[in-house]
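The values are calculated or read from the model by the stated rules, or taken from the named source; none is laboratory data. Because the structure is predicted, anything quoted here is derived from the model rather than measured. Because the Cβ atoms are built from the backbone with ideal geometry, glycine has one as well, and the counts that use them run over all protein chains shown. What goes into the accessible areas is simple: the full protein's heavy atoms, side chains included, and nothing from ligands, DNA or RNA. Shrake-Rupley method; radii C 1.70, N 1.55, O 1.52, S 1.80 Å.
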Amino acid sequence: MRYLHQSETLMIQTTLSIIKPDGTQRNLIGKIVARFEEEGLEVAAMQMRHLSRREAEGFYAEHKARSFFDELVTYMISAPVVVMALRGENAVDHNRQLMGATNPKEAAEGTIRKLFGQDIGMNTVHGSDSPAAAEREVGYFFPKTAIF
Ligand code: ADP
Ligand code: MG
């Protein structure tokens, strides 16, 4: 039992992670989940599913105007993905740190995208980028009763 200093605040968050098609198709599910667990993030919900175009477009709605939107959606529906809710202290930022930069070439050593990412599109994992995004994205895939 560790007692918290007054200045410390526990920020238990739940964030959305997706193992993208290049991850599932290269047999990387276990290695990626192991990274999260080793680093103290818990799997609170998990499902493998093949997204429809409509689901992928809705999920990435914020990027609708971007030049890469169609490429991104087509890629995300090219094979099954694993969607997960991850829980832990500062889970949103912690997950982003473990993932690394969007472009695997720019990702820090030891991050998931550095280890496994293939290019800026096929970068192996998705992670919510803010608490508000996490709330929306977890709710997009999981009803409250499916989060443990
Ligand atoms: P992140 O996933 O790091 O939050 P973004 O939200 O900016 O990055 O982009 C969402 C996803 O769109 C990226 O993870 C990547 O798969 C894809 N993407 C981003 N930029 C490009 C690009 N320039 N060309 C192709 N795909 C891209
Ligand atoms: Mg993003």
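Relative protection proxy for 118-128, 39-49, from highest mean packing down: 118-128, 39-49 (other beta-carbon atoms within 10 angstrom). Residues whose amide H falls under 5 Å from that of Asn90, counting only those 5 or more places apart or on a different chain, are Met11, Ile12, Gln13, with hydrogens built in the peptide plane. Here's the list of lysines a cross-link from Lys31 could span, going by alpha-carbon distance under 22 Å and ignoring same-chain residues fewer than 8 apart: Lys20, Lys105, Lys114. Each residue of region 88-94 was assigned a 3J(HN,Hα) from its phi angle through the Karplus curve 6.51 cos²θ - 1.76 cosθ + 1.60 (θ = phi - 60°); the sequence is x, 5, 6, 4, 5, 5, 4 Hz, with glycine and proline shown as x. Sorted from greatest to least, the principal axis extents spanned by the alpha carbons of region 12-146 come out as 36, 35, 25 Å. Using the Karplus relation 6.51 cos²θ - 1.76 cosθ + 1.60 with θ = phi - 60°, the per-residue 3J(HN,Hα) values for region 121-137 come to x, 8, 10, 6, 9, 10, x, 4, 9, 7, x, 5, 5, 4, 4, 5, 6 Hz, with x marking Gly and Pro. Calculated accessible area for the chain comes out at 57 Å² per residue, all protein chains present (probe 1.4 Å; ligands, DNA, RNA ignored). Relative contact order of the chain: what whole-number percent is it, with Cα pairs under 8 angstrom and at least 6 residues apart? The normalised contact order for the chain reaches 36 percent.
Of all the accessible heavy-atom surface of region 82-148, with the other protein chains kept in place and a 1.4 Å probe, what percent is carbon and sulfur?
55 percent
Ordering Leu98, Ala146, Ala85 by the projection of their Cα atoms onto the charge dipole of region 78-148, which places +1 on the Cβ of Lys and Arg and -1 on the Cβ of Asp and Glu, puts Ala146 at the extreme positive end. In this structure the amide hydrogen of Ala44, modeled in the peptide plane, comes within under 5 Å of the amide hydrogens of Ala85, Leu86, Arg87, none closer than 5 places in sequence on its chain. Across q = 0.12, 0.13, 0.18, 0.19 Å⁻¹, region 32-99 modelled as identical point scatterers on its alpha-carbon atoms has Debye log10 I(q)/I(0) values of -0.40, -0.47, -0.81, -0.87, in the order of the q list.
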